[in-house]
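Take a look at the structure set out below.
The values are calculated or read from the model by the stated rules, or taken from the named source; none is laboratory data. What you see is a predicted model; the values in this text were computed from it and never measured. Here the Cβ positions follow ideal geometry from the backbone for every residue, glycine too, while neighbour counts run over all protein chains shown.
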Amino acid sequence: MQGLMMEMPLLVSSLLHHAARHHGDTEIVSRRIEGDIHRYTYAECERRSRRLADAFTRQGVGIGERIATLAWNGYRHMEMYYAVGGMGAVIHTINPRLHPEQIAWIVNHAGDTHLAFDLTFLPIIEAIAEHCPNVRSWIAMVDEDRQPASAKLANLVNYERLLAGGSEAYRWPELDERSAVGLCYTSGTTGNPKGAMYTHRSTVLHAYGAALPDAMGASARDCILPVVPMFHVNAWGLPYTCPLVGAKIVLPGAQLDGKSLYELFESEGVTYSAGVPTVWLGLLQYVKQAGVRFSTFKRTVIGGSACPPAMIRTFEDDYGVDVIHAWGMTEMSPLGTLCRLQNKHLAQPREARRKLLEKQGHVVFGVDMKIVDDQGSDLAWDGKTFGNLLVRGPWVMREYFRGEGGDPLKYDADGRGWFPTGDVATIDADGYMQITDRSKDVIKSGGEWISSIDLENLAMAHPAVANAAVIGVAHPKWDERPLLVVVKKPGAEVTREELLAFYEGKIAKWWMPDDVQFVDSLPVGATGKILKTRLREQFHDYRLPGV
Ligand code: AMP
């Protein structure tokens, strides 16, 4: 027997429509590339998104067609998300920090037919245009009177002019909820990037999941500033979660330095934020140097790479900001786990609670996970045994766009497919997961594994260390041994011996790094994560002492 409830597909257009109807005067504030602050409401955002959708329809854009963006976090980018996705086309967000050749490759692989960009990226567009024959128009997201002229671009269009050609009477179509809405390529440290193609259904379910109190815990009382870019897994879904709950949203544009972020936090009353650890290094450095405090900022989600415990403590102890450590990946929309306490933890001593909160956390309903050995057998949830982390769920990808790489799933005895994350992790008896390492980064010493993340976290707790990375380097007897690479804080002094002494008593003796090297900076990839591959190349000719 069938149930008797209404059939309403889960569509992203309904998120913005809901916000426009029920939180119509809630603000979306953006720092524009033009330099000023722009503010309008969800109601206005929906009206402009409808016009844009209508304009694209008039241009002949059809269902499933890919339209790309190369843009910072801003209101026009938000309109692109909803206009393109809402009309049944696919919003393909490209990371502008990739090499232009790689961007052109991605545009062609995706088959993008239009590309909207912030003016910052005009030089990239000029460099790639002749290599992207399928792109029918390059859309400059800027006021009409600031529209650039470019001799290199035959089909350069102005965003505002395009939008003005559409009608706000446009109605969002009722699509199949399984149809594609968004495309995001993985940063791909090896080989070509691969595309994760989200559906309307997966995106709306992810937005529901993200909003839950023990996930991001977003509400209509929050003012949320995603520092994580809208080109990095849809700013972790916040452009969808904020309208779902009716939160005010603040989009920081291109100015992501500590001072600019702090000023925006204060002027807009930001309560909540999200970003990778490296952006918070800049913000924390600024507030410390300037001797200022946050007046409204209360919580931030940190993920994308392991959040050093020292950062969690600084936020909490010095600034009263709770850190929610989160883990996920492009192939998971991205949220997998977030670290929040359960009722039974509340009575535990403070230090035990803090230790727990350093983990990557507990799954959100909608994601299941397990750890397995190399043969695929389940491993114990004891918080110590580590293995390959597999996931499944309605917002986890089942295959890459255009079938790249074949079937990525691993099948269990019941024939259920699991996505292999490429991460190595432990899970404790309460279901809290902790990432030991990316499987490519774990250091294999004498047949045993050493977690580079653990060693980095400890180094980051030293007062003279600004940033740290640990890589495995070749060793004739042990295969690999850990090398600690350190960036010192400006003006701070510390020696190799002092850093190694700092590890004593905190780790097993055989985990002790064999050497320390000091560098001015660490190589950072397109999504703000330390590029271990580049670092390994940098230390390719390095030999450990005595080897
Ligand atoms: P991406 O798809 O580029 O966002 O990368 C996903 C990968 O980032 C994951 O598979 C992890 O290796 C890593 N990652 C994400 N969040 C965390 C975290 N909180 N701790 C450690 N690694 C993380």
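The table that follows gives values for the structure above.
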quantity: Scope the stretch 97-123; condition within 19 Å of residue 525 (Cβ to Cβ) and buried (at least 20 other Cβ atoms within 10 Å of the Cβ); matching residues; calculated: 98, 103, 106, 121
quantity: Residue selected from the stretch 285-313 under the condition more than 20 Å from the chain's Cα centre (by Cα) and among the β-branched types (Val, Ile, Thr), by the criterion surrounded by the most Cβ atoms within 10 Å (Cβ to Cβ); calculated: 287
quantity: Condition broken by residue 458, with the remaining ones in (1) touching a residue at least 60 places away in the same chain (Cβ under 8 Å); (2) within 20 Å of residue 302 (Cα to Cα); (3) out of contact with any strand residue (DSSP E or B) (no Cβ under 7 Å at 6 or more places or on another chain) satisfied; calculated: (1)
quantity: Top-ranked residue of the stretch 409-445 - restricted to ones that are outside any strand (DSSP E or B) and touching a residue at least 40 places away in the same chain (Cβ under 8 Å), ranked as farthest from the ligand (Cβ to nearest atom); calculated: 429
quantity: One residue from 278, 314, 337 being of a type in the set (S, T, N, Q), under 20 Å from residue 210 (Cβ atoms) and not in a loop (DSSP other than H, G, I, E, B); calculated: 337
quantity: Residues being closer than 15 Å to residue 481 by Cα and over 29 Å from the mean Cα position of the chain (by Cα) - total across the stretch 496-547; calculated: 20
quantity: Any hit, the stretch 258-271, residues being within 16 Å of the ligand (Cβ to nearest atom), crowded, with 24+ Cβ neighbours inside 10 Å and closer than 21 Å to residue 223 by Cα; calculated: no
quantity: From 235, 196, 215, residue being assigned to a helix (DSSP H, G or I), within 16 Å of the ligand (Cβ to nearest atom) and not basic (Lys, Arg); calculated: 235
quantity: The lone exception for residue 356 - which of (1) surrounded by fewer than 23 Cβ atoms within 10 Å (Cβ to Cβ); (2) within 16 Å of residue 430 (Cβ to Cβ); (3) within 14 Å of the ligand (Cβ to nearest atom); (4) not charged (D, E, K, R) it fails; calculated: (3)
quantity: Hey, residue 282 modelled with pLDDT under 95, over 30 Å from residue 21 (Cα atoms) and either surrounded by fewer than 24 Cβ atoms within 10 Å (Cβ to Cβ) or more than 16 Å from the ligand (Cβ to nearest atom) (or both) or not; calculated: yes
quantity: Selected residue (only one of 74, 24, 3 is farther than 24 Å from residue 176 by Cβ and surrounded by fewer than 19 Cβ atoms within 10 Å (Cβ to Cβ)); calculated: 24
quantity: Residues of the stretch 286-308 classified as in contact (Cβ under 8 Å) with a residue 40 or more places away in the chain, more than 16 Å from the ligand (Cβ to nearest atom) and under 25 Å from residue 464 (Cβ atoms), total; calculated: 0
quantity: Residue in the stretch 396-405 that is within 16 Å of the ligand (Cβ to nearest atom), touching a helix residue (DSSP H, G or I) at 6+ places or on another chain (Cβ under 7 Å) and in contact (Cβ under 8 Å) with a residue 12 or more places away in the chain present; calculated: yes
quantity: All positions within the stretch 210-246 that are surrounded by 24 or more Cβ atoms within 10 Å (Cβ to Cβ) and of a type in the set (Gly, Ala, Ser); calculated: 210, 215, 218, 235, 237
quantity: Per-region count, the stretch 130-156, residues part of a loop (DSSP other than H, G, I, E, B) and touching a Leu at 6+ places or on another chain (Cβ under 7 Å); calculated: 4
quantity: Enumeration of residues in the stretch 320-329 that are out of contact with any Lys or Arg (no Cβ under 9 Å at 6 or more places or on another chain) and either more than 10 Å from the ligand (Cβ to nearest atom) or outside any strand (DSSP E or B) (or both); calculated: 329
quantity: Check on residue 450, crowded, with 20+ Cβ neighbours inside 10 Å, over 15 Å from residue 516 (Cβ atoms) and of a type in the set (A, V, I, L, M); calculated: yes
quantity: Scan of the stretch 410-438 for residues that are small (Gly, Ala, Ser) and under 17 Å from residue 327 (Cα atoms), ordered by number; calculated: 422, 425, 431
quantity: Qualifying residues in the stretch 314-337 (those that are hydrophobic (A, V, I, L, M, F, W, C) and touching a Leu at 6+ places or on another chain (Cβ under 9 Å)) - the one nearest to residue 418 (Cα to Cα); calculated: 327
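Matching residues to (1) within 16 Å of the ligand (Cβ to nearest atom); (2) outside any helix (DSSP H, G or I); (3) within 15 Å of residue 303 (Cβ to Cβ):
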site	(1), (2), (3)
201	no, no, no
205	no, no, no
210	yes, no, yes
219	no, yes, no
225	no, yes, no
230	yes, yes, no
239	no, no, no
244	no, no, no
249	no, yes, no
